[in-house]
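Heads up: the structure comes next, in structure tokens.
The values are calculated or read from the model by the stated rules, or taken from the named source; none is laboratory data. Keep in mind that what you see is a predicted model, and the values were worked out from it rather than measured. Positions of Cβ are backbone-derived with ideal geometry, glycine not excepted, and every protein chain shown enters the neighbour counts.
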Amino acid sequence: MEEEPRFLKRNEWKSLVKLLNHAFPNDIPFDKTWPHTTLIKCKDDLKGHLVIKDKGRVVSHVGIFPLKAVIGDSVIDIAGIGGVSTYKSYRGRGFMKMLLNRSIEIMKKEKYDISWLGGDRRRYGNFGWENGGAVYKFFITERSIKDICTEEFEVKEYNGGKEYLNQIKVIHEKEYLRIRRTNEMYKILFSRMYKETYLAYKDGKVISYITIQKNKENPALATAYEYGGDISGFKYLLKYLFTNLKIERLDISSPFNYTEYKDLLFKCSSSWNINCSGMIKIINLKSLLKKFENQMSMKIKDLGVINKRKITLVISDNNEFATLQIGNSIKVTDKESNNKLVLNERDMVKLLFGLSKPSNEFNLSKEFLVLDVVFPLDFYIWPLEVI
């Protein structure tokens, strides 16, 4: 038994895939349904996979997948955590704890801004992750969409053609919130097993697209994983799913910040709610906030002229801090102020990325109420590329 986590070796790849298929039986074959998390197998550097081995096979694993989130003009360095798995017969021995602690050491050394994952809040909360990243969840039915008027468009299913993919890329890269993708990653994401992408055409050009996955047990139920493009083409694609593909319910999410799709989705949904996109752990508070300076400044401008002030945010677990210089814009510095808001690392995630303004979550004194305008920060990872 190897007692310490280490990086995967190239000749151990098949053993890892076997473990992933065991741990995620609904996603078999894992390297086809989640190819963007296994892309690293094709490279010389396998540092994206931490493992523990016993008797010649990989028995426990945590994947670290670098993501660069585009937030307007800024880029946030994210360590996506995925493929967390251990054979049932090896559970209860503390392997996950060892792997996650080692992952955190690596993320700090590599100077990521945050880490993101999807999973059980109680389990990962022990390591500093907390729910964050507000999103709208819409539920659309044939009845709720029937009165939506649309233009007529030609619709084709994406077949892997390079020309189509390039047009999808042009559309997606206009999004304010997205993950930076290489051409290879675009190809991989839109070839994921069980995902179907439909394109709306006008004058021979793709103007809108939507990627869905049908429920395996009931194909009349579907989930949207990504969409984009002209609003009229998007409307028609929604209608197309119900009239031509016999979808009876579509679950679709939207970033919390304003988009032209959100108004339409409110109009044609049978119900909706606000939820978290996943779980976030802050790795570098100052770097993170500096990259959100423009977004925070845009929000503060809505107030007009305000009294200048400084607020220092402190994470009590590690004494990491950053100061917001608030005026007609916001600047982030490492100079401490007298106004300090001290929170543990999970509460700091709630402050920065929660579901509502901070005063709904915390009992804030008067000098901190300006944070209601600044937070929560707009952050979103499209479901198609979720780790």
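Scanning region 44-77 for residues being in contact (Cβ under 8 Å) with a residue 60 or more places away in the chain and hydrophobic (A, V, I, L, M, F, W, C) gives a total of 7. Based on what the data block shows, is Glu151 closer than 21 Å to Asp251 by Cα, surrounded by fewer than 19 Cβ atoms within 10 Å (Cβ to Cβ) and in contact with a Ser or Thr (Cβ under 9 Å, 6 or more places away or on another chain)? No: the conditions fail for Glu151. In region 292-299 there is at least one residue matching the filter, namely being modelled with pLDDT of 95 or more, in contact with a Leu (Cβ under 7 Å, 6 or more places away or on another chain) and under 19 Å from Tyr176 (Cα atoms).
As for region 87-109, it holds no residue that is within 20 Å of Pro25 (Cβ to Cβ), in contact with a helix residue (DSSP H, G or I) (Cβ under 6 Å, 6 or more places away or on another chain) and surrounded by 14 or more Cβ atoms within 10 Å (Cβ to Cβ).
Considering each residue of region 37-52 in turn, none proves to be surrounded by fewer than 21 Cβ atoms within 10 Å (Cβ to Cβ) and modelled with pLDDT of 85 or more.
The requirement of being hydroxyl-bearing (Ser, Thr, Tyr), assigned to a strand (DSSP E or B), outside the structural domain of Gln295 (by TED's automatic domain parsing) and buried (at least 21 other Cβ atoms within 10 Å of the Cβ) is fulfilled nowhere in region 263-272; no residue meets it. Checked across region 248-259, the condition of being more than 22 Å from Phe353 (Cβ to Cβ), free of Cβ contacts under 8 Å to residues at least 40 places away in the same chain and not small (Gly, Ala, Ser) holds for no residue. Answer yes or no: is there a residue in region 233-241 that is closer than 22 Å to Lys137 by Cβ, of a type in the set (D, E, K, R) and under 17 Å from the mean Cα position of the chain (by Cα). Checking region 233-241: not a single residue is closer than 22 Å to Lys137 by Cβ, of a type in the set (D, E, K, R) and under 17 Å from the mean Cα position of the chain (by Cα).
When you look at Lys299, is it within 27 Å of the chain's Cα centre (by Cα), free of Cβ contacts under 8 Å to residues at least 24 places away in the same chain and under 19 Å from Gly133 (Cα atoms), yes or no? In short, no. Is it the case, given these coordinates, that Tyr225 is over 19 Å from Asp378 (Cβ atoms), of a type in the set (Phe, Trp, Tyr), part of a strand (DSSP E or B) and in contact (Cβ under 8 Å) with a residue 12 or more places away in the chain? So Tyr225 passes the test. Of the residues making up region 276-291, just one is modelled with pLDDT of 95 or more, farther than 12 Å from Leu352 by Cβ and part of a strand (DSSP E or B), namely Met279. Put simply, of Gly133, Gly128 the only residue that is at pLDDT 95 or above and surrounded by 20 or more Cβ atoms within 10 Å (Cβ to Cβ) is Gly128. Checked against the criterion of being at pLDDT 95 or above, under 24 Å from Tyr258 (Cβ atoms) and β-branched (Val, Ile, Thr), region 147-156 contains not a single residue that satisfies it. When region 231-262 is filtered for residues that are outside any helix (DSSP H, G or I), within 15 Å of Gln213 (Cβ to Cβ) and not acidic (Asp, Glu), the ones remaining, listed by number, are Leu245, Ile247, Arg249, Leu250, Ile252, Ser253. The selection criterion, being in contact with a Gly (Cβ under 6 Å, 6 or more places away or on another chain), within 22 Å of Gly132 (Cα to Cα) and β-branched (Val, Ile, Thr), does not hold for Val373.
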